[in-house]
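Novice: Pasting in a structure now, in structure tokens, and then I'll have a few things to ask.
The values are calculated or read from the model by the stated rules, or taken from the named source; none is laboratory data. Quick caveat: nothing in here was measured; it's all calculated off a predicted structure. Neighbour counts are summed over all protein chains in view; Cβ atoms, including those assigned to glycine, are modelled from backbone coordinates with ideal geometry. For the accessible areas, the whole protein counts, side chains as well, though only heavy atoms, and no ligand, DNA or RNA atoms are used. Shrake-Rupley method; radii C 1.70, N 1.55, O 1.52, S 1.80 Å.
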Amino acid sequence: MIPTTNDSSFQISTDRTRLDIAMIYRFLSEQSTWAVGISRTVVERSIENSLCFGGYLDGRQIAFARVVTDYATVAHLEDVFVVPEYRGRGYAKQLIRIVMEHPSLQRLRRFTLNTGDAHSLFARFGFAPSQRPDSLMERYYPNIYLS
């Protein structure tokens, strides 16, 4: 368990066995703006192949984030959320701070993320628009899980 500083009852863990997969799946497939319709199989595979962070309040998971990384040069932050009834209390900031301080994620050349509405939150942790947008390319299928 990784202790947090703002709320002693909110704790963050990278222990995959503690993750509430059903809750994560429900949120991503039904409430997220980026993965609606995703299958549980895909969620489970994404968790299996990522460094995951669960945020727990009194033992109940209320937050999640995962990082896809090679642990040496690059990382991409994905699926960051706090369940709606617990938003606005600073838990996302605590979660992202712990992610960014994780020993295995230090001294990476590039750490990326995609966000549609939380730019100011991530800017607090050093994220900014790409300095070289002309060098970024992507294959993007926003509705892939709906088909």
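Novice: Here are the criteria: (1) open to solvent by less than 70 Å² (accessible area, probe 1.4 Å); (2) in contact (Cβ under 8 Å) with a residue 40 or more places away in the chain. Tell me which single one V43 does not satisfy.
Specialist: For V43, the failing item is (2).
Novice: Test each condition in (1) part of a loop (DSSP other than H, G, I, E, B); (2) open to solvent by less than 50 Å² (accessible area, probe 1.4 Å); (3) closer than 21 Å to A118 by Cβ for G37 and report the one that comes out false.
Specialist: Only one criterion in (1) part of a loop (DSSP other than H, G, I, E, B); (2) open to solvent by less than 50 Å² (accessible area, probe 1.4 Å); (3) closer than 21 Å to A118 by Cβ is unmet by G37, namely (3).
Novice: Right, another one. Select from segment 98-134 the residues that are small (G, A, S) and surrounded by fewer than 10 Cβ atoms within 10 Å (Cβ to Cβ) and list them in ascending order.
Specialist: The answer is G116, S120, G126, A128.
Novice: Within 15 Å of T14 (Cα to Cα), without any contact (Cβ under 8 Å) to a residue 12 or more places away in the chain and not aromatic (F, W, Y): which single residue out of G59, G55 fits that description?
Specialist: After applying the criteria, what remains is G59.
Novice: Among the listed residues V80, V99, which satisfies the condition of being assigned to a strand (DSSP E or B), closer than 18 Å to F53 by Cα, β-branched (V, I, T) and out of contact with any Gly (no Cβ under 7 Å at 6 or more places or on another chain)?
Specialist: From the options V80, V99, the qualifying one is V80.
Novice: Identify, by number, the condition in (1) more than 21 Å from L57 (Cα to Cα); (2) aliphatic (A, V, I, L, M); (3) over 12 Å from the mean Cα position of the chain (by Cα); (4) surrounded by 11 or more Cβ atoms within 10 Å (Cβ to Cβ) that M137 doesn't meet.
Specialist: (4)
Novice: Can you find a residue in segment 94-112 that is within 28 Å of L57 (Cβ to Cβ) and in contact with a Lys or Arg (Cβ under 6 Å, 6 or more places away or on another chain)?
Specialist: No, segment 94-112 contains no residue that is within 28 Å of L57 (Cβ to Cβ) and in contact with a Lys or Arg (Cβ under 6 Å, 6 or more places away or on another chain).
Novice: Please name all residue pairs, on different chains or six or more residues apart, with Cβ atoms under 9 Å, provided the first residue is in segment 122-147 and is assigned to a loop (DSSP other than H, G, I, E, B) and the second residue is at pLDDT 90 or above and of a type in the set (D, E, K, R).
Specialist: Every condition considered, the pairs that remain are R124/K93; R124/R97; F125/K93; F125/R97.
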